[in-house]
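Each reported figure results from applying straightforward, stated rules to the coordinates on display, with no laboratory input. Since the structure is predicted, the reported quantities are computational estimates derived from the model, not experimental observations. Cβ: placed from backbone, ideal geometry, glycine included. Neighbour counts: every protein chain shown.
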Ligand code: UDP
C-alpha cells in the first residue's frame, strides 16, 4: 500500500538514504529539513520525482501534515555540529520529538525515533546492550545531545503508554559512508580527507579509545526491517560490532589510501567515550539483521566517494 511518509532530517546523511529507499518502494515522501547540516546535494537522485517533496521546516516548531508514517531523524549528530548551538540541539531533540509525537498521535502514524549509542555515555559496560542504563554526564559538552536524546526516548515511551502511539526506537552506533559531510569533524571523514590530501592525521588523545563502525547501507537495511516489524517497539541497537581503536583506524586508512600522511596526536575532547561497541543480539534475533559490509570494503567505497568529491572541487 502506498503510504505518505514524513522523514525529518531527510536531507541529512542517513535521512537522505531513507527518502530514496521509500521513493523506490513506491511511497510518497515528504522530506522535512531546516538545512542546518542537511543539503539538497544528498537528494539529487529524487529531487525531480513526482512522489517526493521538500519542506523547509525546523521541527522545534509544530507542523500540521497528513501522513501515515514518520521517521524522526532530524538532529545534528556530529559533536562539532551539535556542540555549536547546544540549546538548539536540546530543543531539536526534545521539542522536536514532542512535536512529531503529537503529529503521530493526531494522524495515527507509526513513528520511529533515531536514538543513538550516545545515550550510553562513556559506558562502563562493554559491549553495550539495550538494557544498559548508561553513564552520561549531565553538564558536559556532549550532554546537550546525550541527554536530549535520552529525554526524547523517555517521551516516546510516555506517548506509547499514555496515548497508545505506535512507536519504534532504534539506537544508532557510529555510521559512515558516502554523503558524510566533508567538514563535520567525524573521525572517518576527517581521516580520509587528511589521508587523501597527505595532511597530518589528527588522532585525539593517544588513540586507544575504540569505536565500532557500521556502513550506511547496512544501517538503512536495519532501519527498514525495524520499521516494518510488528510488535517490536524497541529500543534496538543498530551498529557493527567490529571494534577498532582510533589509532588503528588511522593506520588502516593510511594503508587503504597509500597516503604519505603522518599520524599526530591532539588533545582528547572532554567526555570522549573510551570505548563503544554494540551488542546486536536483539536486532539479530528479532529482525534477522546483521551488518554485511566489512570495514575494509566500506572504507574503500567511502574513500572513493571523498576522492571524487575532492577531484570535483579541484575542477571547480
Ligand atoms: N577523533 C579523532 N580525530 C578526529 C576526529 C575524531 O581522533 O579528527 C576521535 C574522537 O575523539 C572520538 C572518535 O574519534 O574518540 C570518534 O569521533 P566522532 O566524532 O567520529 O564520533 P563520536 O565521538 O561521536 O563517536
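According to the square roots a ≥ b ≥ c of the eigenvalues of the Cα gyration tensor, what is the shape class of the range 37-103, taking rounded for a/c under 1.5, prolate for a/b larger than b/c otherwise, and oblate for the remainder?
Here the range 37-103 falls in the oblate category.
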### Query
What does the range 1-134 give for Rg and for Dmax, in Å, if only its C-alpha atoms count?
15.4, 49
### Message
What distance in nm separates the two pseudo spin-label positions at residue 161 and residue 41, each 7 Å out from Cα along the beta-carbon direction?
### Response
4.5 nm
### Query
Based on the mean of other beta carbon atoms within 10 Å per residue, what is the order of 12-22, 226-236, 256-266, 75-85, most packed first?
12-22, 75-85, 226-236, 256-266
### Query
Any idea what angle helix 216-228 forms with the longest principal axis of the chain, computed on alpha-carbon atoms, 0 to 90 degrees, nearest 10?
20 degrees
#### Entry: Cα gyration tensor shape for the range 119-161, rounded if a/c is under 1.5, else prolate or oblate
oblate
#### Entry: Ascending count of other beta-carbon atoms within 10 Å, so fewest first, for 202, 302, 154
154, 202, 302
## Note on the structure
Helix 13-24: inclination vs the chain longest Cα principal axis, degrees, rounded to 10, gives 50 degrees
### Separation of the residue 206 and residue 248 label points, Cα + 7 Å toward Cβ, nm
1.6 nm
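Jot down the per residue volume, in cubic angstrom and as a whole number, of the convex hull over the alpha-carbon atoms of the chain.
For the chain, the hull spanned by Cα atoms encloses 127 Å³ per residue.
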## Note on the structure
The FRET efficiency for residue 267 and residue 49, from their Cβ-Cβ distance with R0 = 45 Å and rounded to 0.05, is 0.50
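Do me a favour and compute the ellipsoid semi-axes for the range 87-163 from its Cα gyration tensor, root of five times each eigenvalue, largest one first, whole Å. Working shown, then result.
Details: eigenvalues 118, 46, 14 Å².
In descending order, the three semi-axes are 24, 15, 8 Å.
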### Task
Quick one: work out Rg over Rh on the C-alpha atoms of the range 162-310, Rh as Kirkwood radius.
1.03
## Note on the structure
The rounded separation in angstrom of the Cα centers of the range 26-98 and the range 168-245 is 19 Å
### Message
Please arrange 57, 183 by how many other C-beta atoms lie within 10 Å of their C-beta, fewest to most.
### Response
183, 57
### Summary
Tilt, helix 246-257 to longest principal axis of the chain (alpha-carbon atoms), in degrees rounded to tens, equals 80 degrees
### Message
Once you order the gyration tensor axes a ≥ b ≥ c over the Cα atoms, which shape class does the range 24-72 get: rounded for a/c under 1.5, otherwise prolate or oblate by comparing a/b with b/c?
### Response
oblate
### Query
Which of these, 139, 166, 294, has the largest mean-square fluctuation under a Gaussian network model of the chain (Cα springs below 10 Å)?
139
### Query
Using the per-residue mean of other Cβ atoms lying within 10 Å as a proxy for protection, in what order, highest first, do the peptides 59-68, 276-285 fall?
276-285, 59-68
